[in-house]
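The values are calculated or read from the model by the stated rules, or taken from the named source; none is laboratory data. These figures come from a predicted structure and were not determined experimentally. Methodologically, a virtual Cβ is constructed for each residue, glycine included, from the backbone with ideal geometry; neighbour enumeration extends over all protein chains shown.
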Amino acid sequence: MGIGLTVKGVESRIKGGAGKFHDGKGLYLVVPKSGDAYWMLRYSINSKRREMTLRKASELSLADARTVAEAKKREAREGVDPLATRKREKQKNINTVDSLFEDWLVELKSRLKHPNIPERLYVRDIRPLIGELPLGEVNARDIRAVIQRVVASNRPTIANDVLLYCKQLFNHAIKLDFIDTNPASAFSVKDAGGIEESRERKLSIDELTKVFKVFRDNRGSFTRDNYLACALLIVLGVRKSELIEAPWSEFDLDNGLWSLPVADGRSKSGAAIDIPLPVQAIEWLKELQLRGTGSPFVFPCRRASSKPYMGSDTLNRAITSLFGISTGKRKQPPNVMSDIEYFTVHDFRRTCRSMLAAAGVSGHVAERCLNHKLKGVVGIYDRHDYLKERREALQKIADMVAPIVNNLTNVMPFNRNRA
């Protein structure tokens with residue numbers, strides 16, 4: 001039996017390319033196709049074979065790698081699993097709220113469709129106040145300060161979400177035996193944003209006329225991209241994330257069709273759908289294509305960001321700032337929508353649905369326009385996608401909204417008999 005690797009042999013194998021080289025007694029030098037070479041140990045415990053990475057070859061000499069490997073195998077012979085010990089050692093590093101959240105986020109990514117939502121709220125609303133605090137020092141007064149800060153920014157729904165995530169985060173700490181009690185447990189939605197009622201806000205044609213005029217009058221802060229995004233949301237009835245994250249590869253402007261896939265999770269109905277594009281929407285999209293200057297996304301990010309498309313809060317913040325609300329700033333902007341009832345981006349979708357009903361569009365067609373699954377027996381047996389009917393329905397909405405968006409004077413009334 002050979003003596004295994006040598007110092008020069010290690011160097012030559014690292015330079016020679018990818019491979020796994022046995023030194024003996026379960027110790028291997030692993031040279032990956034990309035990345036640094038490292039030491040790996042194979043061992044058995046409870047009749048099960050395990051593998052664990054030791055250190056990079058640049059950090060651990062051959063002699064030291066053999067010493068570490070022998071120590072780990074000794075632990076295994078004594079019934080102590082080195083991998084389990086390593087995981088426990090890593091948990092000792094969870095000593096602040098920030099490190100607790102990083103550990104919790106791993107779990108969220110494995111079970112949530114959109115883990116970026118709690119991550120975004122943590123970074124924006126929780127971390128600034130308690131992120132650096134040791135776990136054992138966080139108390140109910142700290143949680144109250146977090147909640148009150150969000151409430152003061154006039155975001156009641158977000159305040160409820162932040163409270164929920166605080167409870168779940170510290171329950172995670174209890175589960176890992178880092179703390180005994182949850183500092184957020186005594187709080188309810190009454191202490192945060194209050195009991196939420198289903199929103200019924202929708203905008204009338206007169207309100208849309210006023211709103212888009214305000215958008216145009218404030219083009220310095222409300223960009224053209226934001227303007228056209230709002231127009232498309234109303235005319236197409238799609239969800240915000242479905243639109244602002246859309247790549248151009250999904251669009252066939254020549255045939256007036258947007259094919260929304262299910263693969264990337266943007267279609268919340270869980271099914272792909274072809275969305276017919278009214279002629280006015282096609283013109284707005286062509287303008288966006290020119291403005292995008294070659295970007296693969298309809299709404300490219302205009303500032304440094306980890307994502308190549310418009311931020312999820314961009315439209316929300318642009319609209320709330322026109323109502324005199326701006327998070328994170330001491331001096332609030334003027335309210336230039338003082339004569340308009342407050343609305344959110346999602347209310348555009350409800351506005352589209354209301355306009356479809358007022359235009360005499362059948363309920364099942366209107367529901368499919370919004371990419372809702374048809375309920376009950378109808379949903380089970382009716383597999384027709386109503387593409388032709390949906391195209392006619394959305395064209396009716398576009399004929400109503402386009403004159404407002406394009407700043408024309410001939411705003412058309414609804415005509416239930418219009419083809």
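Descriptive notes on the structure:
Condition check ((1) touching an Asp or Glu at 6+ places or on another chain (Cβ under 6 Å); (2) among the basic types (Lys, Arg)) across all residues:
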| residue | (1), (2) |
| --- | --- |
| Phe21 | no, no |
| Tyr38 | no, no |
| Leu41 | no, no |
| Ile45 | yes, no |
| Arg55 | no, yes |
| Lys72 | no, yes |
| Asp81 | no, no |
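- Top-ranked residue in segment 23-37 [being surrounded by fewer than 14 Cβ atoms within 10 Å (Cβ to Cβ) and not polar (S, T, N, Q); ranked as modelled with the lowest pLDDT]: Gly35
- Residue among Ser241, Ser249 that alone is of a type in the set (Ser, Thr, Tyr) and either modelled with pLDDT of 95 or more or surrounded by 17 or more Cβ atoms within 10 Å (Cβ to Cβ) (or both): Ser249
- Residues that are surrounded by fewer than 17 Cβ atoms within 10 Å (Cβ to Cβ) and of a type in the set (Ser, Thr, Tyr), drawn from segment 121-171: Thr157
- Of all residue pairs spaced 6 or more apart or on separate chains, those with beta-carbon atoms under 8 Å, a first member in segment 133-144 that is touching a residue at least 40 places away in the same chain (Cβ under 8 Å) and a second member that is among the polar types (S, T, N, Q) and surrounded by 12 or more Cβ atoms within 10 Å (Cβ to Cβ) are Leu135/Asn95; Leu135/Thr96.
- Qualifying residue in segment 70-80 (condition: modelled with pLDDT of 90 or more and not charged (D, E, K, R)): yes
- Residue among Ala184, Ala231 that alone is buried (at least 20 other Cβ atoms within 10 Å of the Cβ) and more than 18 Å from Ile340 (Cα to Cα): Ala184
- Residue within segment 128-138 that is within 22 Å of Ile195 (Cβ to Cβ), in a helix (DSSP H, G or I) and at pLDDT 90 or above present: no
- Members of segment 296-312 that are of a type in the set (S, T, N, Q) and without any contact (Cβ under 8 Å) to a residue 40 or more places away in the chain: Ser305, Ser306
- Matching residues, segment 335-351, being hydrophobic (A, V, I, L, M, F, W, C) and not in a loop (DSSP other than H, G, I, E, B): Phe348
- Residues that are closer than 12 Å to Ile275 by Cα and modelled with pLDDT of 95 or more were ranked within segment 252-265; the one that is surrounded by the fewest Cβ atoms within 10 Å (Cβ to Cβ) is Asn255.
- The condition of being of a type in the set (Gly, Ala, Ser) and under 13 Å from Phe251 (Cβ atoms) holds for only one of Ala318, Ala281, Ala271, Ala304, that being Ala281.
- In segment 85-108, of all residues being among the hydrophobic types (A, V, I, L, M, F, W, C) and outside any loop (DSSP other than H, G, I, E, B), the one that is surrounded by the fewest Cβ atoms within 10 Å (Cβ to Cβ) corresponds to Val106.
- Screening segment 190-208 for residues that are loosely packed, with under 15 Cβ neighbours inside 10 Å and assigned to a helix (DSSP H, G or I) and picking the one that is modelled with the highest pLDDT gives Asp206.
- Residue list for segment 230-254, filter: under 18 Å from Gly311 (Cα atoms) and among the polar types (S, T, N, Q): Ser241
- Scan of segment 44-57 for residues that are modelled with pLDDT under 90 and assigned to a loop (DSSP other than H, G, I, E, B), ordered by number: Asn46, Ser47
- Of all the residues in segment 46-94, those that are without any contact (Cβ under 8 Å) to a residue 60 or more places away in the chain and in contact with a helix residue (DSSP H, G or I) (Cβ under 8 Å, 6 or more places away or on another chain) number 15.
- Residue within segment 277-290 that is of a type outside the set (Val, Ile, Thr), in a loop (DSSP other than H, G, I, E, B) and modelled with pLDDT under 90 present: no
- Checking Gly220 against (1) touching a residue at least 24 places away in the same chain (Cβ under 8 Å); (2) out of contact with any Phe, Trp or Tyr (no Cβ under 8 Å at 6 or more places or on another chain); (3) under 27 Å from Arg303 (Cα atoms), the condition it does not meet: (1)
- Any chance Lys396 is modelled with pLDDT of 90 or more and out of contact with any helix residue (DSSP H, G or I) (no Cβ under 9 Å at 6 or more places or on another chain): no
- Under the condition of being part of a loop (DSSP other than H, G, I, E, B) and surrounded by fewer than 17 Cβ atoms within 10 Å (Cβ to Cβ), the residues counted in segment 61-84 number 4.
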